[in-house]
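*Asks:* Below are the structure tokens for one structure; questions will follow.
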Amino acid sequence: MTDLTTKQTNNLKEKVLWVWKETLAIHLRAPETRLASSLSVIEIFVALYYGKILNFNPTNPLDNIRDRCIISKGHGSICMYPILADLGFFPLSELLQVCKKGSFLGGIPDPVIPGYESVNGSLGHGLGVAAGIALGLKTKKTNQSVFVVTGDGELHEGANWEAIMFASHHKLDNLNLIVDNNGISMLDHTDNIVSHSDLVARLSSFGWDCEEVDGHDVIALRDLFLKQKNTKNGKPKAIIASTLKGKGVPGLEDMSLSHIINPKPEFIESLLKNLDDENLEGK
């Protein structure tokens, strides 16, 4: 495991805050985007993209030697837009055009966006796509890894469990599943719909190497991602990241209907202003 310097650690934490602010700003301009679902995965994506976990090439997003990141919970990945823009996949100015006529940045992302690998419409299919890609890469005997980020609610879909069995059968140790375990589906807490408590035990019973982590600890996430990526033991890997839906927004955080709640624009504006004021006072 490669330890981070103090500067690198601080940079990851600063990126989390910056992405959080930018995600709120995007929602303020485009209220049709899903805010709560995007706020629970910020640390996950920051760790993957800024923590030197994924190999990628912004100037050639389809570079054959890249790692693959399949974002299965596409509706909840608006926070990826500022990350991809910041890394050079497309200009930062495009963030001002989200959901506007002519923009390639929509409320539900798709592969027309540089940096996105797959369609993100119907939930529950990203893991199957990732497993297929992982098998293809393994067959070619490459060193590339495949990461797939799913929501916990979409694990209700049976196609996921077919993919889970498939990955174990084919010993896809280049496949890394990250579950955004925020405990809330579209209309209620996940366990009130169909409980899948103790995902670690469930996935382990299917032959997966599985660990839990605080999904809002960007350093712990980065260290675990690196460990899992470098482990080649014939088993696919899963990380259950415990998160809060709507993280950091009062009235949205961990609310059962947060998926469909849109905070009032003036409330978001006040959150962003207060944060800017605090930063100024701290300088």
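Read the figures in this text as sums done on the coordinates, not as results from a lab. Every value quoted in this text rests on a predicted model; they were computed, and no experiment measured them. Note that we place each Cβ from the backbone using ideal geometry, even for glycine, and neighbour counts take in every protein chain shown.
*Asks:* Within region 106-166, list the trypsin sites (Lys or Arg not before Pro) lying in a DSSP loop whose Cβ has at most 14 other Cβ atoms in a 10 Å radius.
*Replies:* When the trypsin sites (Lys or Arg not before Pro) of region 106-166 are filtered for loop state and at most 14 Cβ neighbours within 10 Å, Lys140, Lys141 remain.
*Asks:* Moving on. For region 184-191, in order, what is each residue's ³J(HN,Hα) by Karplus, 6.51 cos²θ - 1.76 cosθ + 1.60 with θ = phi - 60°, in whole Hz (x at glycine and Pro)?
*Replies:* Going residue by residue, I get 10, 9, 5, 10, 5, 5, 4, 5 Hz, with x marking Gly and Pro.
*Asks:* While we're looking at this one, here's another question. In what sequence, highest mean first, do 37-47, 168-178 appear when ranked by Cβ atoms within 10 angstrom? It would help to have the intermediate numbers written out before the result.
*Replies:* On the way: 37-47: 27.5, 168-178: 22.5.
Result, highest mean first: 37-47, 168-178.
*Asks:* What whole number of Å gives the distance from the Cα centroid of region 82-137 to the Cα centroid of region 150-167?
*Replies:* Region 150-167 and region 82-137 have Cα centres spaced 21 Å from each other.
*Asks:* Follow-up question, since we're still on this one. For Lys229, go through the lysines and keep the ones whose alpha-carbon is under 28 Å away, minus same-chain ones fewer than eight residues off.
*Replies:* Lys229 reaches Lys7, Lys13, Lys15, Lys52, Lys73, Lys138, Lys140, Lys141, Lys171, Lys237, Lys245, Lys247.
*Asks:* Then there's this: Quote the relative contact order of region 6-281 in percent (integer), defining contacts as alpha-carbon pairs under 8 Å separated by 6+ residues. Don't skip to the answer; put the middle values down first.
*Replies:* Numbers: 509 pairs, mean separation 59.2, N = 276.
The normalised contact order for region 6-281 reaches 21 percent.
*Asks:* Can you list the DSSP H helices in the chain whose Cα atoms extend at least 15 Å along the helix axis and whose mean Kyte-Doolittle hydropathy is -1.0 or higher?
*Replies:* Sorted by number, the helices that extend far enough and score high enough are 6-29, 126-139, 158-169, 218-230, 265-281.
*Asks:* If you restrict to DSSP beta bridges whose two residues both lie in the chain, what percentage is antiparallel, to the nearest 5?
*Replies:* So the antiparallel bridges in the chain amount to around 5 percent.
*Asks:* Next question, about the same structure. Under the rule a/c < 1.5 gives rounded, and otherwise a/b versus b/c splits prolate from oblate, where does region 1-142 land using the Cα gyration tensor?
*Replies:* oblate
*Asks:* Over all Cα pairs of the chain, how is the pair count split among 10 Å bins, expressed in % and running from 0 up to the last occupied bin?
*Replies:* Once binned at 10 Å, the Cα pair distances of the chain give 7, 30, 38, 21, 5, 0.
*Asks:* Give me the distance in nm between label points sitting 7 Å out from Cα along the Cα-to-Cβ direction at Ile65 and Asp188, one decimal.
*Replies:* That separation, rounded to one decimal, is 5.1 nm.
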